[in-house]
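Right, one structure below, let's go through it.
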Amino acid sequence: MHKPHTAKDIILSLRERFKKDKCEEVNYETVIHFNIEGNQGGQFTVIIQDYDITIEEGLSGNPKCVIHTKDKVYEDVEWGRENGQTAFLFGKIKVNNIPEILQFSGVFHSVKRFYEDKHHNS
């Protein structure tokens, strides 16, 4: 996949950045809703089940966590231009289940590291 820049592309890149082995270690399953405002965002459902990931446009199922933010904020946090904790504290990102999103983020390579390393190895 190309280096993702838009919030939508970053969400869709979760499949490529998925660490299946991390899910297998703890038998991790979840449903996460992303509600990202702006032209580069959208609504997405990410399902991790049976050590596989599905990303759907739109919101479906019963989420364990809902994330609400603006496209630019999401892009800046994912690319390391803005600190995620600071964005959360200032209300730029709203998360209704912090332990769940921390576990969720642990089963993915970070955007910045994944694509910078890939770029250097190409």
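Going by the conditions given, is LYS72 closer than 19 Å to VAL111 by Cβ and surrounded by fewer than 17 Cβ atoms within 10 Å (Cβ to Cβ)?
no
Out of GLY106, GLY80, which single residue is in contact (Cβ under 8 Å) with a residue 60 or more places away in the chain and touching a Lys or Arg at 6+ places or on another chain (Cβ under 7 Å)?
The conditions single out GLY106.
Given the conditions (1) more than 13 Å from ILE10 (Cβ to Cβ); (2) in contact with a Phe, Trp or Tyr (Cβ under 6 Å, 6 or more places away or on another chain), and given that PHE44 satisfies all but one, which numbered condition is not satisfied?
Of the numbered conditions (1) more than 13 Å from ILE10 (Cβ to Cβ); (2) in contact with a Phe, Trp or Tyr (Cβ under 6 Å, 6 or more places away or on another chain), the odd one out for PHE44 is (1).
So in the range 9-52, with the set limited to residues that are among the basic types (Lys, Arg) and either in contact (Cβ under 8 Å) with a residue 60 or more places away in the chain or surrounded by fewer than 14 Cβ atoms within 10 Å (Cβ to Cβ) (or both), which one is nearest to VAL77 (Cα to Cα)?
Residues of the range 9-52 among the basic types (Lys, Arg): 15, 17, 19-20, 22.
Next, from what is left, pick out any that are either in contact (Cβ under 8 Å) with a residue 60 or more places away in the chain or surrounded by fewer than 14 Cβ atoms within 10 Å (Cβ to Cβ) (or both): 17, 19-20, 22.
Working: ARG17: 16, LYS19: 20, LYS20: 23, LYS22: 22 Å.
That would be ARG17.
SER13 is checked against (1) farther than 10 Å from VAL107 by Cβ; (2) over 12 Å from the mean Cα position of the chain (by Cα) and fails just one. What number does that condition carry?
Failing condition for SER13: (2).
Kindly indicate whether any position in the range 87-99 is buried (at least 16 other Cβ atoms within 10 Å of the Cβ), farther than 14 Å from GLU29 by Cα, at pLDDT below 95 and of a type in the set (Gly, Ala, Ser).
no
Limited to the range 80-96, what total is found for residues that are within 21 Å of GLN43 (Cβ to Cβ) and in contact with a helix residue (DSSP H, G or I) (Cβ under 9 Å, 6 or more places away or on another chain)?
Looking only at that region, the number is 7.
The values are calculated or read from the model by the stated rules, or taken from the named source; none is laboratory data. Quantities reported herein were computed from a predicted structural model and do not represent experimental measurements. Positions of Cβ are backbone-derived with ideal geometry, glycine not excepted, and every protein chain shown enters the neighbour counts.
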